[in-house]
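Quick notes on the structure that follows.
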Amino acid sequence: MPQIVFLPHAELCPDGAAVEAKAGETVLDVALRSGISIEHACEKSCACTTCHVIVREGFRSLNESEELEDDMLDKAWGLEPESRLGCQARIADEDLVVEIPKYTVNMVSEGH
């Protein structure tokens, strides 16, 4: 089983976290299941950028992004070459190291 290491985030996981994942799960689903409340204002439909994450290690093992995700990512705060939407990034069989950006484009938290 692959493992995702979530780097420390001041609000969502101050100490960071290392969690088990199943191949085929999304980064967002693993985070939510593990108590890391990453924003997802569009309910995982690839219609916003609130679940933007940066994959620091293991990026190439993820499924390839589709055009809709790439278009949405253009609107994300702090976009980097290893950026993905957590709701679209499907885990394969490699471990990942994921950073949750400090800010999202949402002015108010949805409180999921």
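Selection over the range 56-87 of residues that are touching a Ser or Thr at 6+ places or on another chain (Cβ under 8 Å) and aliphatic (A, V, I, L, M) gives a count of 4.
Residue by residue, here is whether (1) open to solvent by less than 60 Å² (accessible area, probe 1.4 Å); (2) at pLDDT 95 or above holds:
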| site | (1), (2) |
| --- | --- |
| Val5 | yes, yes |
| Pro8 | no, yes |
| Ala17 | yes, yes |
| Ala41 | yes, no |
| Thr50 | yes, no |
| Glu69 | yes, yes |
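Regarding Ser45, is this residue under 14 Å from Met72 (Cβ atoms), hydroxyl-bearing (Ser, Thr, Tyr) and more than 11 Å from the chain's Cα centre (by Cα)? For Ser45, the condition - under 14 Å from Met72 (Cβ atoms), hydroxyl-bearing (Ser, Thr, Tyr) and more than 11 Å from the chain's Cα centre (by Cα) - is met.
Listed by first and then second residue, the pairs linking a residue in the range 52-75 that is under 16 Å from Asp29 (Cβ atoms) and without any contact (Cβ under 8 Å) to a residue 60 or more places away in the chain to a residue that is outside any helix (DSSP H, G or I) and open to solvent by 20 Å² or more (accessible area, probe 1.4 Å), with Cβ atoms under 7 Å apart and 6 or more places separating them unless they lie on different chains, are His52/Thr104; Val53/Glu99; Val55/Glu82; Leu62/Arg90; Leu62/Ala92; Asn63/Arg90; Glu69/Gln88.
The values are calculated or read from the model by the stated rules, or taken from the named source; none is laboratory data. The structure presented is a predicted model; accordingly, all values stated were derived computationally and were not measured. Backbone-built Cβ (ideal geometry, glycine too); neighbour counts: all protein chains shown. Surface accessibility is based on the protein's heavy atoms, side chains included, excluding ligands, DNA and RNA. Shrake-Rupley method; radii C 1.70, N 1.55, O 1.52, S 1.80 Å.
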